[in-house]
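Chemist: This is the structure I want to talk about, given as structure tokens.
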Amino acid sequence: MTALQDSRSGNPGPTATMKRYRGPGIQRKATGPRLKYGLTVAAFLIPSALPLLFFTIIPMFSAFWISLNQWNLVGPMKWVGLGNYGKLIGDPGTQGAFLHTVYYIVGYLPLVYIGGLAIALALNSRIKGRSMMRGLYFLPVVTSWIVVALVWRWLLNPSTGIVNWLLGLIGVTGPGWWTDPAWSMPSIIVASAWKDLGFVMVILLAGLQAIPEDLYEAATVDGAGRWRRLFSITLPMLSPSTFFVIVLSLINGFQVFDQVYAMTGGGPNNSSQVVVQQIYDLTFRYGRAGEASALSWLLFLFILVITLIQVRGQKKWVHYA
Amino acid sequence: MNKKPLVSLGLALTAVLAMSGCGSAASTNSSSTEKVTIKYSNFISNGGNEKNLDTIVQAFEKANPNITVQVTTLPYKDYATALQTDLAAGTQADTFDIEYANLRSYVANGAVAPLDGVDGSKYKQSLLQSYQSDGKQYALPSSFSDVVLYYNKALFDAAKVAYPTASWTWADETAAAKKITDSGAGVYGDFQNVSFYEFYKALAQTGGKFLNDDGKSVAFNSPQGIKAAEWLAGKSGTTMPTPAQGAGTPDFDTKLFKDGKLGMLHSGIWVASSFADSPKSWDIAVEPGDTQKASAEFSNAIGVSANSKNKAAAQKWAEYMTNSDVMAQTRIGAGWELPATSDDSVLKPYLAKDKPANRKAIFDALDNVALPPVIGDNQQKMVDIITNALGEVEAKRSTAADALKGAADQINALLK
């Protein structure tokens, strides 16, 4: 996230800090200390830079190479240039996967943000046992997705699940959840929002605690009520945390996979097929690694553009104290 | 939170492939005294036959003291994915299990080595030939199996229905299933997966064809196809549990049968050894047909990797695992899938055993075999399209005619 923080205006970023530490060398000839300084920095960077190089950067570019070929993982590659990209853009399955992914984000993001904010506000007040409550809400975040997905599949079982049983008690016939194409994505959204609530809560809680108490005192003296304080102090002061949560949730949201794989496998009838599941299926089920690599790159570019727009747009609504 | 899922894994493997200089040249350098280790990756022993495989491995190592076999066993459901990933990275085992439907693609991509000097007379000829291409043998059949109708005698007795016989038709099966089903008690009459693997067979049972003779377009979009789809999908929710009730999850059907809550089960002979005395009294029959009989036959084979460094030793193991007496005896003793041997006398002790009493049905079923349609690289895509379409019919979101029309269009596009 450092890159994002650096871009905020008026903040002395690492570049400024580095200049200050550039040693005593006023004259250009002083290469000794500079070299030493460079080597020191390199020594600190290498442990994280090497894995990044081998497991992210090199695979990314080899994926680009694969994306220009037709390849079934087993036989030789066949050069097709940008053919895979053209094929994907016109393919209804890929368009569907992007649409379903956007559907997921549109459902998931408000739910997890408002839910997380409500819990953070509640746990920021002086209630009994709040440390324990914070821990409890965070528990799903550190639980394996496979476990959570199976539990939710069971809770949302259309015929024997507890959710439909409870709905039945109040006279509502529960939907088919993950067996019904109209409800498979809502099922995944509910499970995902529940699991990530704790994460959003922790970030927002930290933001809440950084808001100076005297702002509230001054506002109260001026006669501001509860809601007025929430909308005029808390939310604007919380905007950097909100920005962080939204950027991160969007990036993760476009890469949604585990819960889909474990809860519906993209079904029924492809109604919950998302982009990463599509990449997985193309590679490992259908032996179309070229198309899958092209789709990975399309997804990367998509996320990059959306994130850049957000970083640009933040000036309008994010307030740094 | 910030997981880069399997994509990164796949790409990392690609990088490995690029660096290792794809497909190292194979050298056959196993002289008889040199000690070698060969790897064998399999799914056939998974789920109860691991010890039996171990028995065969030990016998082989005793007979060939200079060869060690290193076994990796994977569940069937993960096997194809794992093998494909290994093939991409060049890290596949020297010998590995191959299914009939995948052989074509492996041969076309040069993943398996042709095997010379195999004594073909030891194998059941039809099976041996199905693993040949352009006159070369690319894999050796290790076993064969088929699908039969299991039935719980106690439930038939309670419902006062006569036991299934070889002359049963779909109508008989439906009538019996309806009488046995008692949803209040959680008892169901029938279970048959609503999937591609049952569909091509049901299609043959009602006299239809999956592909046209030239193999360039599909033929299942026909009155017979609709009848087959309706036969399978129509069971769900009437005489058979629905997906929401658990149908389709692993081991659901066999567990229901073991618990004595299922009248009839369409399943492969590989599950027979797990039933033993639960339910108490059960037997098998040839699956009912509609206008004709058709049973699914499956076979597995072992191939030698084209990039193996010890091809001679690997082939030795592949031959031992597919035609040795120890293998045949072990399989028959354990009631594992049957050895693909040409010697019928080896199979005699299998027929003599009880539970199920009507073992003859396993061989009778082979008189009318329906083989799965094979289309090469898009095989899995085709399987998924059919299973998806049937799922829509099962959930009553689509008529059989519409669903099959949609599936036909998609598969025809793949065949172009």
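The values are calculated or read from the model by the stated rules, or taken from the named source; none is laboratory data. Here the structure is a predicted model, which is why all the values come from computation and not from measurement. Don't worry about glycine lacking a Cβ; one is built from the backbone with ideal geometry, like all the others, and counts go over all protein chains shown.
Chemist: Out of the helices (runs of 4 or more DSSP H) lying entirely within the range B:1-102, which hold 1 or more residues that are within 30 Å of A:Val274 (Cβ to Cβ) and at pLDDT below 95?
Modeler: Ranges flagged: B:6-19, B:76-89.
Chemist: Inside the range A:184-292, counting only helices (runs of 4 or more DSSP H) that do not spill past its ends, which hold 3 or more residues that are on the phi < 0 side of the Ramachandran plot, aliphatic (A, V, I, L, M) and surrounded by fewer than 16 Cβ atoms within 10 Å (Cβ to Cβ)?
Modeler: A:213-221
Chemist: Also, I was wondering about something else. Any residue in the range A:278-298 that is of a type in the set (Phe, Trp, Tyr), out of contact with any Ser or Thr (no Cβ under 9 Å at 6 or more places or on another chain) and over 16 Å from A:Leu88 (Cα atoms)?
Modeler: no
Chemist: Could you tell me which of the residues B:Gly237, B:Gly215, B:Gly268 is under 25 Å from B:Ala361 (Cβ atoms), modelled with pLDDT under 95 and surrounded by fewer than 20 Cβ atoms within 10 Å (Cβ to Cβ)?
Modeler: None of the other options fit; the residue is B:Gly268.
Chemist: Under 6 Å by Cβ, and 6 or more places apart or on different chains, what pairs join a residue from the range A:36-59 that is under 22 Å from A:Ser296 (Cβ atoms) with one that is of a type outside the set (Gly, Ala, Ser)?
Modeler: Going by the 6 Å Cβ cut-off, the qualifying pairs are A:Pro59/B:Leu11.
Chemist: Got a sec? Which of A:Ile188, A:Ile170, A:Ile146, A:Ile119 is more than 30 Å from A:Leu238 (Cα to Cα) and touching a helix residue (DSSP H, G or I) at 6+ places or on another chain (Cβ under 7 Å)?
Modeler: Just a single option satisfies the conditions, and that option is A:Ile146.
Chemist: Cβ contacts < 6 Å: first residue over 14 Å from B:Gly237 (Cβ atoms), restricted to the range B:185-197; second residue not basic (Lys, Arg), any location; separation 6+ or different chain. Result?
Modeler: The qualifying pairs are B:Ser195/B:Thr387; B:Phe196/B:Val383; B:Phe196/B:Ile386; B:Phe196/B:Thr387.
Chemist: Looking at the range A:32-53, which of its residues are surrounded by 11 or more Cβ atoms within 10 Å (Cβ to Cβ) and at pLDDT below 90?
Modeler: A:Pro33, A:Arg34
Chemist: Let me ask you something else. Just to check your reading of the model, which residue among A:Gly267, A:Gly253, A:Gly287 is under 25 Å from A:Val151 (Cβ atoms), among the small types (Gly, Ala, Ser) and at the interface with chain B (Cβ under 10 Å from one of its Cβ atoms)?
Modeler: Going through A:Gly267, A:Gly253, A:Gly287 in turn, just one is under 25 Å from A:Val151 (Cβ atoms), among the small types (Gly, Ala, Ser) and at the interface with chain B (Cβ under 10 Å from one of its Cβ atoms): A:Gly267.
Chemist: How about the range A:135-178: which of its residues are within 11 Å of another protein chain (Cβ to nearest Cβ), closer than 21 Å to A:Gly115 by Cα and more than 20 Å from the chain's Cα centre (by Cα)?
Modeler: The answer is A:Leu156, and nothing else.
Chemist: What's the number of the only condition in (1) modelled with pLDDT under 95; (2) within 14 Å of another protein chain (Cβ to nearest Cβ); (3) out of contact with any Lys or Arg (no Cβ under 9 Å at 6 or more places or on another chain) that A:Ser192 fails to meet?
Modeler: Failed condition: (1).
Chemist: Looking at the range A:55-76, which of its residues are within 25 Å of B:Leu83 (Cβ to Cβ), modelled with pLDDT of 95 or more and more than 7 Å from chain B (Cβ to nearest Cβ)?
Modeler: A:Trp65, A:Ser67, A:Asn69
Chemist: Among the residues of the range B:357-374, count how many are farther than 27 Å from B:Tyr151 by Cβ and surrounded by fewer than 20 Cβ atoms within 10 Å (Cβ to Cβ).
Modeler: 1
Chemist: B:Asp354 versus (1) surrounded by fewer than 18 Cβ atoms within 10 Å (Cβ to Cβ); (2) in contact (Cβ under 8 Å) with a residue 24 or more places away in the chain; (3) not assigned by TED's automatic domain parsing to the domain that holds B:Pro243: which is the lone unmet condition?
Modeler: (2)
Chemist: For the range A:200-222, give me each residue that is touching a Ser or Thr at 6+ places or on another chain (Cβ under 9 Å) and within 14 Å of chain B (Cβ to nearest Cβ).
Modeler: A:Val200, A:Ile203
Chemist: B:Leu127 - would you say it is aliphatic (A, V, I, L, M) and either outside the structural domain of B:Arg331 (by TED's automatic domain parsing) or closer than 28 Å to B:Asn358 by Cβ (or both)?
Modeler: Answer is yes for this residue.
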